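First up is the structure itself, then whatever we jot down about it.
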Amino acid sequence: MQKQKIIVLTGAGISAESGIPTFRGGDGLWEGHDIMDVASPIGWKKDRNLVLNFYNERRKVANNAKPNKGHIILAELENYYDVTIITQNVDSLHEKAGSTNVIHLHGKLSESRSSLDESLIYPIVGDILAEGEKCEKGSQLRPNIVWFGEDVPLMQEAAEITSEADFFIIVGTSLQVYPAANLIDYVPKGCESIIIDPSIPTNSNISGIKTIQEKGSVGLPILMDYLMKLG
Ligand code: OAD
């Protein structure tokens, strides 16, 4: 029998228990940084080194982080369901946990790309992408991250996959960033949706969705139990 499809939209909250800070709220990354300085084409034009250093720091933290119980449960779900994870996270913790089907909507810390030609993408070995590292066309390499004001190239694919979901699970995202937050609007009728977050977002398009108001490490085992009881 064909496995049912679970689509999981994850955000920074799922990696919080692995020691990677979230973006918003008390200790969030954006409290200490101006988004436009470090995560926009304007910031890149203004001060490349500031941007490169910002992502070198993020990469160092991510490279040293280990997946937590939440990531591991999502990987285990593949034993029972056809799982696709659509993550806004730029770390590789879903892959490290064993998930095999991960769409990185906002790019990856582990990759660089040409600042002239976005189709030229290269792996970053180690923690550092430095000033002077160039693509084969001679332009400075930048992190392969989707910045504010840029298109999200994988959005169409993510929307199509979401439109085939039997279950749509949202974990650890404030749903404040678009177009990612719009994915909810592609969930088909009859699909069961569940949000897991210690602080449930208040977007109008999530009214009626079931909630598990817990951290990932607590909420995902509850979800797993629930799905197993469905048989
Ligand atoms: P946010 O920082 O906006 O939201 C994090 C969410 O995680 C909040 O809803 C928290 O309540 C929740 N949370 C905190 N601890 C948690 C835990 N242990 N388990 C589960 N949930 C927890 O992060 P995102 O929604 O991911 O984009 O942010 C979206 C995008 O904004 C990011 O991808 C990034 C940022 O600007 C780019 O940099 C392009």
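Throughout, read-outs are computed from the coordinates displayed, never taken from laboratory work. Given the structure is predicted, the values throughout are model-derived calculations rather than measurements. Every residue, glycine among them, receives a Cβ derived from its backbone with ideal geometry; neighbour counts consider all protein chains shown.
Structure above, values below:
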{"item": "Cα convex hull of the chain, projected area averaged across orientations, nm²", "result": "12.7 nm²"}
{"item": "Long-range HN-HN contacts of Val146 with modeled amide H, under 5 Å", "result": "Gly107"}
{"item": "Principal axes of segment 49-91: Cα extent on each, largest first, Å", "result": "45, 18, 10"}
{"item": "5 angstrom amide H check on Ile103, placed H, neighbours 5+ away", "result": "Ile85, Ile86, Thr87"}
{"item": "Estimated vicinal HN-Hα couplings, Hz - segment 23-37 in sequence order (Karplus 6.51, -1.76, 1.60; Gly, Pro = x)", "result": "8, 10, x, x, 9, x, 4, 6, 5, x, 9, 7, 3, 5, 6"}
{"item": "Only Lys, Arg (+1) and Asp, Glu (-1) charged, at Cβ; segment 2-112 dipole about Cα centre in debye", "result": "180 debye"}
{"item": "Of all DSSP beta bridges in the chain, antiparallel share, percent nearest 5", "result": "30 percent"}
{"item": "Average projected area [Cα convex hull, segment 120-218], square nanometres", "result": "9.0 nm²"}
{"item": "Charge-dipole axis of segment 1-78 as Lys and Arg at +1 and Asp and Glu at -1 on Cβ define it, positive-most pick from Pro41, Ile20, Trp30", "result": "Pro41"}
{"item": "Kirkwood hydrodynamic radius of segment 7-48, Cα pairs, Å", "result": "11.7 Å"}
{"item": "Exceeding the 28 Å Cα-Cα cut-off - candidates Lys45/Lys108; Lys69/Lys189; Lys108/Lys189; Lys60/Lys215", "result": "Lys69/Lys189; Lys108/Lys189"}
{"item": "Formal net charge of residues neighbouring Ala158 (Cβ-Cβ distance under 14 Å; K, R +1; D, E -1)", "result": "-4"}
{"item": "Hz values of 3J(HN,Hα) by residue in segment 111-128 - Karplus curve (6.51, -1.76, 1.60), Gly and Pro given as x", "result": "10, 10, 8, 4, 7, 9, 10, 5, 7, 8, 10, 9, x, 9, 8, x, 9, 10"}
{"item": "Potential lengthening between Tyr81 and Asp225 on full extension [0.36 nm per residue; Cα-Cα distance subtracted]", "result": "50.5 nm"}
{"item": "For Ile196, net neighbour charge (Lys/Arg +1, Asp/Glu -1) across residues whose Cβ lies under 11 Å away", "result": "0"}
{"item": "Inter-centroid distance (Cα atoms) of segment 1-43 relative to segment 145-165, Å", "result": "15 Å"}
{"item": "Rg(Cα) / (2.2 N^0.38 Å) computed for segment 15-127, rounded to two decimals", "result": "1.15"}
{"item": "Stokes-Einstein D in µm²/s, Kirkwood radius over Cα pairs - segment 91-160 at 10 °C with 1.306 mPa s viscosity", "result": "120 µm²/s"}
